[in-house]
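In what follows, a structure is listed as structure tokens, so that the remarks can point back to it.
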Amino acid sequence: MVEVSIIGCGHLGSALIRGLSAVGRHEIIACDVDSDALDAIAPYTQVTTTDIAEAATSDVVVVAVKPDTVELVLEALDLSPEQTLVTVAAGVPRQFVSARTDATVVRVMPNLAADSRTMAATVSWDDPDDD
């Protein structure tokens, strides 16, 4: 099982959590400052937390917060090169995120159909072999 943390449990973060849960191959940690949001998605996760440091331990960390909050979240995360950071925040370039983390950065533009596993998405990432 791959451990995945979702930071931000609003509409899109929650849709991703429900979709990943339905697959059944992920251990999911949900992180949000809103306890009501965490309560709503608790049945689909193994752990809910308000502690970003706890969410930062996963193999894959998804940042699903509002664009104006991304920089604050990235400042709080200390990820290693072995981890993958996925960002879904609209309008936040992959290069902006890459400059603030050691993790491999993947940019995904999903939609709310993630919860039914029928979403369309655009994906981009940095390939270290392209240097």
Residue 128 vs (1) open to solvent by 80 Å² or more (accessible area, probe 1.4 Å); (2) modelled with pLDDT of 70 or more: all pass except (2)
Out of 56, 90, 64, I need the residue that is small (Gly, Ala, Ser), within 19 Å of residue 16 (Cα to Cα), open to solvent by less than 40 Å² (accessible area, probe 1.4 Å) and touching a helix residue (DSSP H, G or I) at 6+ places or on another chain (Cβ under 7 Å). Which one? 64
Filter result for residue 24 (under 12 Å from the mean Cα position of the chain (by Cα) and either polar (S, T, N, Q) or open to solvent by less than 70 Å² (accessible area, probe 1.4 Å) (or both)): no
Working only within segment 27-39, note down all residues that are under 17 Å from the mean Cα position of the chain (by Cα) and surrounded by fewer than 21 Cβ atoms within 10 Å (Cβ to Cβ). 27, 33, 34, 37, 38
Of the residues 6, 41, 17, 29, which is in contact with a helix residue (DSSP H, G or I) (Cβ under 7 Å, 6 or more places away or on another chain) and either farther than 22 Å from residue 106 by Cα or among the charged types (D, E, K, R) (or both)? 41
Would you confirm whether any residue within segment 108-125 is assigned to a loop (DSSP other than H, G, I, E, B), open to solvent by 40 Å² or more (accessible area, probe 1.4 Å), modelled with pLDDT of 70 or more and not aliphatic (A, V, I, L, M)? no
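The values are calculated or read from the model by the stated rules, or taken from the named source; none is laboratory data. All of these numbers come straight from a predicted model, not from anything done at the bench. Positions of Cβ are backbone-derived with ideal geometry, glycine not excepted, and every protein chain shown enters the neighbour counts. In case anyone asks, the SASA skips ligands and DNA or RNA and just uses the protein heavy atoms, side chains included. Shrake-Rupley method; radii C 1.70, N 1.55, O 1.52, S 1.80 Å.
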